[in-house]
Amino acid sequence: MRTGLSADEVERFARDGFLFPLRVMDPGAADEARARALALMAEREDAIDLLGYKANLAFRWIDDIVHTPALLDAVADVLGPHLLLWSCSFAIKPPRSAGRFTWHQDATYWGLEPPVGLTAWLALGAVDQANGAMQFLPGAHRDGQLPHVNTFAPDVMLPRGQEIVELPSPARVDLRLASGEASLHHVFTPHASGPNGGGAHRIGCSMVFIPTHVRQARGREAAMLVRGEDRHANFELEPRPAGDGDVASLAARETAVRMMATYKAEQRLRAEGAKR
């Protein structure tokens, strides 16, 4: 297994705003994690919610994923040695589903100051354009924050249906990953993905890493220290789960989720949508 990024890979990330493919997990282990996610969805009515927000706090097997050494080595080569995991969610598109992600930048509504960080997207099962893989706009992260509009389109899987008003470039790079491979993208990198036209679930584990000096401008939140030291105390530090879906782990997750400014905003949006 790889032990970090080469100088060329670090340069490519800085130039393009994304990097793939990175082999960070054995294919067998990735396929096992995929099977666990599918089993959880079959067994629990609240599975989508549990997998959608801070999933690593509820299940030890997901906590193991976010602490994968090869993954953290790669992230540290971009962001530095002191790392927090701010968010962990499973991006799931059912077979032959219409759900899609419009062109957007991750940092738009996050409230992180400064907006420094990256998203690591780990494929649990093969991912390509046929089953709804991402596309990236190379180099556009250097333009900083772009204006977005909230569409609230029913087939868009983003909470606001947010979409960049005008893309700065017509260029596109299609993501393609084997099971256990990951991509990294900058918080300002425009990206999108289409529907899953395949006959199997498209599943990825999406993890947002930030350096420990970053803070949340919208109030006190929680995050997990996954590498190095936290000398800033900008976040409440989250505990690692002792088990899989046990009472204590679920309670810790619930507490951390309810501290998230983005979660509270999304709950308000859902309530407003229900009234319309």
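The values are calculated or read from the model by the stated rules, or taken from the named source; none is laboratory data. Every value quoted in this text rests on a predicted model; they were computed, and no experiment measured them. As a convention, Cβ positions derive from the backbone with ideal geometry for all residues, glycine included, and neighbour counts pool all protein chains shown.
Identify all residues within the range 183-210 that are surrounded by fewer than 22 Cβ atoms within 10 Å (Cβ to Cβ) and under 17 Å from His82 (Cβ atoms); write none if there are none. Residue satisfying the conditions is Val208 alone.
Apart from one condition, Tyr109 fits all of (1) surrounded by fewer than 21 Cβ atoms within 10 Å (Cβ to Cβ); (2) at pLDDT 95 or above; the exception is (2).
Please verify whether the range 166-178 includes one or more residues that are in contact (Cβ under 8 Å) with a residue 12 or more places away in the chain, small (Gly, Ala, Ser) and farther than 23 Å from Val10 by Cβ. No, the range 166-178 contains no residue that is in contact (Cβ under 8 Å) with a residue 12 or more places away in the chain, small (Gly, Ala, Ser) and farther than 23 Å from Val10 by Cβ. Exactly one residue out of Ile62, Ile92 is in a helix (DSSP H, G or I) and either among the acidic types (Asp, Glu) or under 16 Å from the mean Cα position of the chain (by Cα) (or both): that is Ile62.
Counting only residues that are part of a loop (DSSP other than H, G, I, E, B), in contact with a strand residue (DSSP E or B) (Cβ under 6 Å, 6 or more places away or on another chain) and closer than 15 Å to Phe20 by Cα, the range 159-178 holds 2 of them.
Of the residues screened, Arg202 is one that is modelled with pLDDT of 95 or more, of a type in the set (Lys, Arg) and touching a Gly at 6+ places or on another chain (Cβ under 9 Å). For the residues Leu50, Leu71, the requirement of being modelled with pLDDT of 95 or more, under 19 Å from Gly125 (Cβ atoms) and part of a helix (DSSP H, G or I) singles out Leu71.
Taking Gln145, is it within 27 Å of Val66 (Cβ to Cβ), of a type outside the set (Phe, Trp, Tyr) and surrounded by 14 or more Cβ atoms within 10 Å (Cβ to Cβ)? So Gln145 fails the test. Residues of the range 10-27 that are in contact (Cβ under 8 Å) with a residue 60 or more places away in the chain, part of a helix (DSSP H, G or I) and not aliphatic (A, V, I, L, M): Phe13, Arg15, Asp16, Pro27.
Pairing each residue of the range 47-70 that is closer than 14 Å to Arg227 by Cβ and free of Cβ contacts under 8 Å to residues at least 12 places away in the same chain with any residue that is assigned to a helix (DSSP H, G or I) and not acidic (Asp, Glu), provided the two are 6+ apart or on different chains, yields no C-beta distance under 9 Å.
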